[in-house]
1. Could you name every one of the strands (runs of 3 or more DSSP E) located completely within segment 51-113 that has at least 2 residues being modelled with pLDDT under 95 and within 17 Å of Gln126 (Cα to Cα)?
2. I need the full set of residues from segment 94-126 which are among the charged types (D, E, K, R) and within 18 Å of the chain's Cα centre (by Cα), in order please.
3. Hey, can you tell me all the residues within segment 60-100 that are free of Cβ contacts under 8 Å to residues at least 40 places away in the same chain and in contact with a Gly (Cβ under 6 Å, 6 or more places away or on another chain)?
Amino acid sequence: MKLAAIGRVAALLAVTVFAAQYLGWIDLSPRAGPTPPVSVSCPALEQGCAFTLDTVHYRLESDQPLATNRIFRLSLHGPAQTVEAEWRMAEMDMGPNRRPMQPYGDSQWQLQTALPFCSAARRDWQLILLIDDRRIVIETRSTG
């Protein structure tokens, strides 16, 4: 008797879950994990570099060699709704410095920026770009 009641409850639960998913009240489909960042090596950013994100092509460049003592302009060519940029070093906290890039023209973005101060005098930098919430890590170097 108890076994039959348990079977009816299990069947009722299965029908309820199926109906709830069919009606869109719940979603039991498997979820993909976060998209891994795209990593790009670009040792001389003033010479520019290209990368592809979901079959869309982008080009990034600076208007001069990167140095810690001057302001330079980053330009990104490629379609996006929003673009943000942040400077980091591997295994070093550079403090908060994420800034939005400004649109100019068709599918073009720019930002006046400077490298954060580094007391270790390292020259290896990571420019983290967030293009429509997709993360791109640009590995680059400064001249001083």
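1. Values: elements: 56-62, 72-77, 83-88, 108-113.
Per the criteria, 83-88.
2. So the first thing to find is which residues in segment 94-126 are among the charged types (D, E, K, R), and the list is 98-99, 106, 122-124.
Selection gives Arg98, Arg99.
3. Residues of segment 60-100 that are free of Cβ contacts under 8 Å to residues at least 40 places away in the same chain, as a first pass: 61-64, 75, 77, 79, 89-100.
Listed by number, the list holds a single entry, Glu61.
A quick yes/no check of all residues on (1) in contact with a Lys or Arg (Cβ under 7 Å, 6 or more places away or on another chain); (2) aromatic (Phe, Trp, Tyr); (3) surrounded by fewer than 11 Cβ atoms within 10 Å (Cβ to Cβ):
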| residue | (1), (2), (3) |
| --- | --- |
| Gly48 | yes, no, no |
| Ala90 | no, no, yes |
| Gln110 | yes, no, no |
| Ile131 | no, no, no |
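The values are calculated or read from the model by the stated rules, or taken from the named source; none is laboratory data. This structure is a prediction, so every number in the text was calculated from the model and none was measured. Quick reminder, even Gly has a Cβ in these numbers, built from the backbone with ideal geometry, and neighbours come from all protein chains shown.
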